Amino acid sequence: MKRVNFEDAMRLYDMDFFELGLLADAKRQELHGKKTYFNINRHINPTNICADICKFCAYSATRKNPNEYTMSHEDILQIVKEMDKREAKEVHIVSAHNPNVSLDWYLKIFKKIKEQYPHLHIKALTAAEVDFLSRHHGYTYDEILDMMLENGVDSMPGGGAEIFDEKVRDYICKGKVTSDQWFEIHRKWHERGKKSNVTMLFGHVESRENRIDHMMRIRELQDLTGGFNSFIPLVYQTKNNYLNIEIPITANEIIKTMAVSRLVLDNVPNLKAYWVTSTINLALLSQEFGANDLDGTIEKESINSAAGAKSADGMDVEEFTSLIKNSGFIPVERDSLYNEIKIW
Ligand code: V47
């Protein structure tokens, strides 16, 4: 099939909803058949004190959310101990950009987790955090990435990508990692033989053009490195932040965006329907519009739930897998690098 260019992608959005779905589903079936991947994982968000100000964020401590916190390493290790008992395979650690703690506070917790739980996959530090740590503590990106490796980080999450268009980015999150820097960090990580994910925050002030431009920039780096495991469109949550979006994005536009991204990102193997921001119902429907991954059980999550997502307590694995089965797909537990562990 011919590669989808920018104009083609715009036209995909204008297609009949179900015909677009069939196209995206054909691509999904070619890559993954009826399998839907998920992971037994746990999110930990160790601190919400942030030096950056993103208009869409409800998680960081501000005057709308004055309850600032910073976990101790003991707190974090206790959570990891409990999740390990429940046979979780991945710990996903993302923090705000806290200027009051040392670089060691960030790095040493990875080392402690790795030493005590060598079988756990540590997915940690977004490119936005790497950029913050580099600026705040005076290290190069290369030095920070090497320290992450030395301390046990296995892969990088896709956060901080937001929207790469510079004008929109300036409006929603001025001052944090730029688009070029975001790609530079992931390129350097991939060059170390490591994998990462990439997100897109949509449903706020961005246009369809901005979303397609975002996907095209990802496709370009992926052609060079092949280091992205999955693309994760994050539906903007409207509550408790400073973006003031009055009319939320429609379900139709969310599902179309999933389908278009499956077709544009022909070189990214997995499309994740992140149920936390899309709702579980739309995530299940997305399986018929290109998505082949539902992230995981999550257990607890603070960033998106602060802005209104119903994800504060995660989901039970039995319930999760039966929802996938009942929607006509095969729930396949995977590890963080997409090796299959178990068909449920
Ligand atoms: O970067 C912040 C987003 C991200 C809001 O790599 C918001 O596997 C919606 O990146 N509405 C963090 N989203 C979460 C993230 C992630 C999640 C799941 C899996 C992976 C992965 C990565 O959450 C931030 C930001 O883009 N976010 N505020 C909001 N109001």
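The values are calculated or read from the model by the stated rules, or taken from the named source; none is laboratory data. Computed from a predicted model, the values in this text were never measured in an experiment. Cβ atoms come from the backbone with ideal geometry, glycine included; neighbour counts cover every protein chain shown. The protein model used for the area step is the full one, side chains on, heavy atoms only, and it has no ligands, DNA or RNA in it. Shrake-Rupley method; radii C 1.70, N 1.55, O 1.52, S 1.80 Å.
Can you list the helices (runs of 4 or more DSSP H) lying wholly within the range 204-299 that have 1 or more residues being open to solvent by 10 Å² or more (accessible area, probe 1.4 Å) and away from the ligand (no atom under 13 Å from the Cβ)?
Result: 208-225, 251-264, 280-286.
Quick check on the range 59-94: of everything there that is of a type in the set (S, T, N, Q) and at pLDDT below 95, which residue is most open to solvent (accessible area, probe 1.4 Å)?
Residues of the range 59-94 of a type in the set (S, T, N, Q): 60, 62, 65, 67, 70, 72, 78.
Right, trim to at pLDDT below 95 and you get 60, 62, 65, 67.
Numbers: SER60: 11, THR62: 49, ASN65: 33, ASN67: 108 Å².
Only one residue tops the list, namely ASN67.
In the range 328-344, which residue that is part of a loop (DSSP other than H, G, I, E, B) and on the phi < 0 side of the Ramachandran plot is nearest to the ligand (Cβ to nearest atom)?
Once the filter is applied, the top-ranked residue is SER336.
Taking the range 306-327 only, how many residues are part of a loop (DSSP other than H, G, I, E, B), touching a residue at least 60 places away in the same chain (Cβ under 8 Å) and on the phi < 0 side of the Ramachandran plot?
1
Taking only the range 188-203 into account, find how many residues are more than 14 Å from the ligand (Cβ to nearest atom) and open to solvent by 40 Å² or more (accessible area, probe 1.4 Å).
So the answer is 3.
Kindly provide the set of residues from the range 137-187 that are closer than 13 Å to THR126 by Cα, within 16 Å of the ligand (Cβ to nearest atom) and either aromatic (Phe, Trp, Tyr) or part of a strand (DSSP E or B) (or both), ordered by number.
Residues satisfying the conditions are SER155, MET156, TRP182, PHE183.
Does GLY152 satisfy the criteria of being free of Cβ contacts under 8 Å to residues at least 40 places away in the same chain, touching a helix residue (DSSP H, G or I) at 6+ places or on another chain (Cβ under 6 Å), under 24 Å from GLU184 (Cα atoms) and buried (at least 18 other Cβ atoms within 10 Å of the Cβ)?
So GLY152 fails the test.
Could you check how many residues of the range 255-275 are more than 12 Å from LEU23 (Cα to Cα) and basic (Lys, Arg)?
Final tally of qualifying residues: 1.
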